[in-house]
Amino acid sequence: MGKNLRLRDARREKGLTQQALAEAVGVTRQTIHAVESGEYNPTIRLCRAICRALGKTLDELFWEED
């Protein structure tokens, strides 16, 4: 699992810090950092919450390209 640059870029496009996104989805900033850096594989519930907060689909943010 590599870095999730799509998540990072989508968060930045919305003008959100890692802290702001974390607060919006009910996790810590460290969790968002870990997801973006590929250190943590989020639950489907967290993935869906992040997608809702950023106005993106699961495919747009989390689908791994072959």
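The values are calculated or read from the model by the stated rules, or taken from the named source; none is laboratory data. Only a predicted model underlies this, so the values are computations on that prediction, with no experimental measurement involved. Cβ atoms come from the backbone with ideal geometry, glycine included; neighbour counts cover every protein chain shown.
Of the residues Asp66, Asp9, which is at pLDDT 95 or above and either surrounded by fewer than 17 Cβ atoms within 10 Å (Cβ to Cβ) or among the hydroxyl-bearing types (Ser, Thr, Tyr) (or both)? Before the answer, list the steps.
On the way: Asp66 fails: at pLDDT 95 or above.
Checking each option against the conditions leaves just Asp9.
Can you pull out the residues in the stretch 1-30 that are more than 16 Å from Leu54 (Cα to Cα) and either part of a helix (DSSP H, G or I) or β-branched (Val, Ile, Thr) (or both)? Scanning the stretch 1-30 gives Thr28, Gln30. Scanning the stretch 25-50 for residues that are crowded, with 17+ Cβ neighbours inside 10 Å and touching a residue at least 24 places away in the same chain (Cβ under 8 Å) yields Val25, Val35, Glu36, Ala49, Ile50.
Looking at the stretch 12-23 only, could you name the residues that are buried (at least 17 other Cβ atoms within 10 Å of the Cβ) and under 17 Å from Thr57 (Cα atoms)? Scanning the stretch 12-23 gives a single hit, Leu21.
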